[in-house]
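Colleague: Okay, handing you the structure first.
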Amino acid sequence: MHTTLISAPELQALLASRQPCRVFDCSFDLMQPGAGDQQYRQAHIAGAVRADLDRHLSAIKGAPDAASGGRHPLPSREQFALWLSSTGLVPGMQAVVYDRQGANYCGRLWWMLKWMGHEAVAVLDGGLQAWQSLGGAIDSLAAVASLAPDSTLGSEQKYPLAPALIGLVATKTIADQLGRASQCIVDARSAPRFRGEVEPLDPVAGHIPGALNRPFALNFDSEGKFKSAAALRQEFDQLLAGRDPASVVHHCGSGVSAVPNVIAMEIAGLGSAGLYAGSWSEWCSDASRPVAQG
């Protein structure tokens, strides 16, 4: 079972073994939401299922059953289970997620599957680029196959809900614990956004008071693969400066690019940290919440 990362050679061997496996292409572009579908049509790992951030991995904004707020609200676990059922994924089956944007988006599905209680999910280290460098099988399609949730599925066919393997942190918890040693907030956005010098996506610039900044791109080497466990451990130890790793809550702009930091801490042997999925976009939506800059 692969539960954090899987290398391109390991994935090739897994697929050749014909063990049950489902591969998901999570390619996306925040500035051009349709670009991921186009990229999938042009080239994807043979047999990969399309998993789109907007259509499959987020709730409609304002949905009453959404599990978080922000620009990319989490769907309810029940709604997400319907989509998982439509992909053919079943409990215990190995899932592999990838994108071609430096693991910026595929981590979202990795985290959501852990949230559903699905342990056997791994990020393809190095993404589609690593697979292509290996000469792995590629498909292209004229149109993206529809994998919309089927509301007619019987309850026995729905992906079953199981206890979450990872922590989802709510805005109220962040606010209630603000400034306390029991909570260490780590912001994965770029340093200029964290400092409030620029803000291309949200209406307010700045960060949650007391947050530490670790841009998610710091987790990767020059080949786009996660750094070694030892290197990541050293970097997080330096960042946390004695703070308890169990107190860490990761966030970013909308709960997506924070996940590489979650994964990196697991690789480093620092345990499973919480995720504030609503992130800065949810926090800054209420003017009564404090904002820091600099």
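The values are calculated or read from the model by the stated rules, or taken from the named source; none is laboratory data. This structure is a prediction, so every number in the text was calculated from the model and none was measured. Every residue, glycine as well, gets a Cβ built from its backbone with ideal geometry; the counts of neighbours run over all protein chains shown.
Colleague: Please find, within segment 147-181, the residue that is modelled with the lowest pLDDT out of those that are touching an Asp or Glu at 6+ places or on another chain (Cβ under 8 Å) and more than 28 Å from GLY92 (Cβ to Cβ).
Modeller: Filtering first and then ranking leaves ALA181.
Colleague: Which numbered condition in (1) buried (at least 18 other Cβ atoms within 10 Å of the Cβ); (2) touching a Lys or Arg at 6+ places or on another chain (Cβ under 9 Å); (3) in a loop (DSSP other than H, G, I, E, B) is the only one that PRO200 fails?
Modeller: Going through the list (1) buried (at least 18 other Cβ atoms within 10 Å of the Cβ); (2) touching a Lys or Arg at 6+ places or on another chain (Cβ under 9 Å); (3) in a loop (DSSP other than H, G, I, E, B), PRO200 breaks only (1).
Colleague: Something else: What helices (runs of 4 or more DSSP H) completely inside segment 41-145 contain at least 2 residues that are under 18 Å from PRO260 (Cα atoms)?
Modeller: 106-115, 127-134
Colleague: Here's something else I'd like to know. Taking helices (runs of 4 or more DSSP H) that do not extend beyond segment 203-294, which have at least 1 residues that are under 18 Å from GLY69 (Cα atoms) and either in contact with a Gly (Cβ under 8 Å, 6 or more places away or on another chain) or not assigned by TED's automatic domain parsing to the domain that holds ARG100 (or both)?
Modeller: Hits in segment 203-294: 259-267, 279-283.
Rundown of residues vs (1) of a type outside the set (A, V, I, L, M); (2) more than 15 Å from VAL259 (Cα to Cα), yes/no style:
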site: PRO192; (1), (2): yes, yes
site: ARG195; (1), (2): yes, yes
site: PRO200; (1), (2): yes, yes
site: ALA205; (1), (2): no, yes
site: PRO215; (1), (2): yes, no
site: LEU218; (1), (2): no, no
site: GLU223; (1), (2): yes, yes
site: LEU232; (1), (2): no, no
site: ALA241; (1), (2): no, yes
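Colleague: If you don't mind, another one. For residues in segment 29-86 being aliphatic (A, V, I, L, M) and in contact with a strand residue (DSSP E or B) (Cβ under 8 Å, 6 or more places away or on another chain), which is nearest to ALA8 (Cα to Cα)?
Modeller: ILE45
Colleague: Restricting attention to segment 103-121, does a residue exist that is more than 16 Å from GLY36 (Cβ to Cβ) and either β-branched (Val, Ile, Thr) or modelled with pLDDT under 95 (or both)?
Modeller: Taking every residue of segment 103-121 in turn, at least one turns out to be more than 16 Å from GLY36 (Cβ to Cβ) and either β-branched (Val, Ile, Thr) or modelled with pLDDT under 95 (or both).
Colleague: Then there is this: If you scan segment 249-294, which residues turn out to be touching a Cys at 6+ places or on another chain (Cβ under 8 Å), surrounded by fewer than 24 Cβ atoms within 10 Å (Cβ to Cβ) and closer than 22 Å to PHE220 by Cα?
Modeller: Hit for segment 249-294 is VAL249, nothing else.
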